[in-house]
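Contents: one structure, followed by commentary.
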Amino acid sequence: MIEIKDLHKSYKMGSNSLHVLKGINFTAEAGELVAIMGSSGSGKSTLLNILGMLDGADSGEYILDGVPIKDLTETKAAQYRNKFLGFVFQSFNLINYKSALENVALPLYYQKVARKERQEKALNYLDRVGLKEWATHLPSELSGGQKQRVAIARAMAAEPKVLLADEPTGALDSTTSYEVMDLIQKINDEGNTILVVTHEEDIAHMCKRIVHLKDGVIVEDKKIKQVRAEQYV
Amino acid sequence: MWLFDKDLWVEIFHTLGKNMFRTFLTMLGVIFAMIILILLLGSANGMSNGFDKVFAGTASNSLFVWGQSTSEPYKGFERGRRIRYKIEDAEILKKQIPEIEVLAPRIELGSHRETVTVYREGRTSGSSVYGDYPEIDNITKKKLVEGRFLNKTDIEDSKKICVIGEETYKLLFDKSENAVGKDIRINGVFFTVVGVYKPNNNINIDGENAVFIPFTTFQKAFNTGDRMGWMAIAVEPNTKVPVVENKIKKILKTKYDIHPDDERAIGSFDMSEIFNNISAFTGVLKGFSFFVGIFTLLAGVIAISNILLITVKERTKEIGVRRALGATPRTVKRQIVVEAIVLTAFAGLIGFAISVGILAILNSLWGSGEDFPFVNPMVSIPQFGISFLLMVSLSVLIGLIPANKAVKVRPIEALREE
């Protein structure tokens, strides 16, 4: 599903150049649930941004579902993001003046799905994250866990190939974190490919594979026995 | 076509509607600008209409010619000779100058600007007394309060009748007394009143205190023979008055042996000059109003652009999220430009409605044009159309500034911003 070969990325900081990613090779098959771990500055967010086409790499190859991702214009990148990727952010990034339903329907709007179908689909996804009754509520009326579930529903609504989650539990307490991870696991059970960036060990162990990043290189890549979040909820 | 995409509009009204107060403040500048523009234009139009009303009834393409005294000696005549026209001059001029449409000869009792005592049952009025042809009504229209004006039969039969002005009526008659059919006496001759007229608003060549007698009657009653005091002349619509004026003077100068360079001997007044001046004045006024209004509008639209710039900055993160979710730069740009257009157009319409209301109030207060030339102050549909179109195109151009700023921010940077 995802194939990365010898990926390099550096940032210019004045006259110095900061080499953040120093040759990453990584492959993820369809249906995998991968945790990307590393301390801050290890390059894990940069990697996720490149995977999410929010940022471009300096060199290297990136193939997503058989499509080589390179030389993207902003328009092309936007279209690919819409088609291939779902995003879940640490700070939820819901649009605060739109109801839960409208937030979930937004990627479908950019996919030019007809209004009625959009509403139906969005409601369906809200139902799947258990928030059907909250459809008309604004984000400010929701708890942190509920917001993240809305964000996950939004990411899933576009039916992406890959779900990218950047510290999805970073702003949540542990009980709520497990609820969110439970949801992510269930989505993964349905066969969706998910990448989770985290620095929390327990969250990482709820995935099926852990990739450790340190100073811009992968130092460890291992399959693990998944801990189900269900038991903690 | 995207313009008719319901979702775009839902999205835009949603965004604007969720920030009602800010939206309203943003629009305020354009609302005021539109009010100023429409009020200025409307007032200029009202002024122009007011002048039109003042001059209604006076043929704009007309001139008056009278005799004065010579300023140059010529052909053995001394300077200072008084020029007196003869009634035959009217026929000569009409025959030789085909551009003359109407020529109404007139004679005045006493010398010009002097009054004559008119008697009636012990009351007197000092009035101007004119011998006139009915044609004069085509040049300076009289508004009759009572009765009728002079007619052809009066001239043919030299009837001893007269039409008097409202002021004369007030001096000679009791209030609400019927003047028609009553006699008045001038220089020992009795005339029966057939009509009373009211002056035509502000333009007032003959005055209100005047008595009009058929020209032929005047000749006989006051023994003036073939003399003629002055001529009121209306020129064909497509002919310029000064051209005819020069032709008339040339003919008269030859006939009365006046030096070709004598500027004083023949007095004349070109009515069209006033009209030209006034239409130039109102034209400049309208142009100026438009100029000022458009720049005020520009300032208003720039204010919208400014607020949208701030809004874009505030919404950086939102825009970042939208782009992460698949909004193309075009979509983002379009949304902001359409927001600018909607804001401007809506504000413009509100301003238009308010200013039209104000103009309607002004109209009901001073719109009659009685003491101030101000009639029906309104903007025409083309004027409104042009202003509106200009405003909307400005908003498109200026909406592009915040729109470009919005897409310049890369989604990753937008998302990082907390």
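The values are calculated or read from the model by the stated rules, or taken from the named source; none is laboratory data. Note that the coordinates shown come from a computational prediction; the quantities given were computed from them, not determined experimentally. A quick note on method: Cβ atoms are made from the backbone with ideal geometry, for glycine too, and the neighbour counts reach across all protein chains shown.
Determine which member of the set B:Leu41, B:Leu37, B:Leu25 is surrounded by fewer than 19 Cβ atoms within 10 Å (Cβ to Cβ) and on the phi < 0 side of the Ramachandran plot. It would help to see each step written out before you state the result.
Working: B:Leu41 fails: surrounded by fewer than 19 Cβ atoms within 10 Å (Cβ to Cβ); B:Leu37 fails: surrounded by fewer than 19 Cβ atoms within 10 Å (Cβ to Cβ).
Only one candidate qualifies: B:Leu25.
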Point to revise | Sole residue being among the β-branched types (Val, Ile, Thr), more than 14 Å from chain A (Cβ to nearest Cβ) and in a helix (DSSP H, G or I), chosen from B:Thr331, B:Thr296 | key: B:Thr296
Check your understanding: Checking B:Ile336 against (1) surrounded by 22 or more Cβ atoms within 10 Å (Cβ to Cβ); (2) among the β-branched types (Val, Ile, Thr); (3) within 14 Å of chain A (Cβ to nearest Cβ); (4) touching a Gly at 6+ places or on another chain (Cβ under 8 Å), which single condition isn't satisfied?
Key -> (3)
Study note, to complete from the structure: In the stretch A:70-86, anything facing chain B (nearest Cβ under 8 Å) and in contact (Cβ under 8 Å) with a residue 60 or more places away in the chain is listed as A:Asn82, A:Lys83
**Study point:** Complete set of residues in the stretch A:87-96 that are within 14 Å of A:Leu195 (Cβ to Cβ) and within 9 Å of another protein chain (Cβ to nearest Cβ)
**Key:** A:Phe87, A:Phe89
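I'm trying to understand the selection: among the residues of the stretch A:148-161, which are more than 13 Å from every other protein chain (Cβ to nearest Cβ) and closer than 15 Å to A:Asp127 by Cα?
As a first pass, look at the stretch A:148-161 and keep what is more than 13 Å from every other protein chain (Cβ to nearest Cβ): A:148-149, A:152, A:161.
Within the stretch A:148-161, A:Gln148, A:Arg149, A:Ile152 qualify.
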Exercise for review: Check A:Glu117, A:Glu167 and return the single one that is within 14 Å of another protein chain (Cβ to nearest Cβ), surrounded by fewer than 22 Cβ atoms within 10 Å (Cβ to Cβ) and in contact with a His (Cβ under 9 Å, 6 or more places away or on another chain).
Suggested key: A:Glu167
Revision key, fill the gap. For the stretch B:169-182, pairs from a residue that is at positive phi to a residue that is β-branched (Val, Ile, Thr), with Cβ under 9 Å and 6 or more apart or across chains, are B:Gly181/B:Thr192; B:Gly181/B:Val193; B:Gly181/B:Val194
Check your understanding: Which ones in the stretch A:31-63 are surrounded by 20 or more Cβ atoms within 10 Å (Cβ to Cβ) and either among the charged types (D, E, K, R) or within 17 Å of A:Asn192 (Cβ to Cβ) (or both)?
Key -> A:Leu33, A:Val34, A:Ala35, A:Ile36, A:Lys44, A:Leu48, A:Leu51, A:Gly52
**Study point:** Condition check for A:Val180: surrounded by fewer than 14 Cβ atoms within 10 Å (Cβ to Cβ) and either under 15 Å from the mean Cα position of the chain (by Cα) or at pLDDT below 90 (or both)
**Key:** no
Practice item. Please indicate, with yes or no, whether at least one residue in the stretch A:45-58 is at the interface with chain B (Cβ under 10 Å from one of its Cβ atoms), more than 23 Å from A:Arg149 (Cα to Cα), of a type in the set (Ser, Thr, Tyr) and touching a strand residue (DSSP E or B) at 6+ places or on another chain (Cβ under 8 Å). Key: yes
Revision key, fill the gap. When restricted to B:Asn187, B:Asn204, the only residue modelled with pLDDT of 85 or more and surrounded by fewer than 20 Cβ atoms within 10 Å (Cβ to Cβ) is B:Asn187
Revision key, fill the gap. Residue set A:Ser143, A:Ser99; condition more than 18 Å from the chain's Cα centre (by Cα) and more than 12 Å from every other protein chain (Cβ to nearest Cβ); output residue A:Ser143
Check your understanding: Within the stretch A:47-78, can you find the residues that are under 16 Å from the mean Cα position of the chain (by Cα), of a type in the set (Gly, Ala, Ser) and in a loop (DSSP other than H, G, I, E, B)?
Key -> A:Gly52
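Would you pick out the residues in the stretch A:99-112 that are in contact with a helix residue (DSSP H, G or I) (Cβ under 7 Å, 6 or more places away or on another chain) and in a loop (DSSP other than H, G, I, E, B)?
The answer is A:Gln111, and nothing else.
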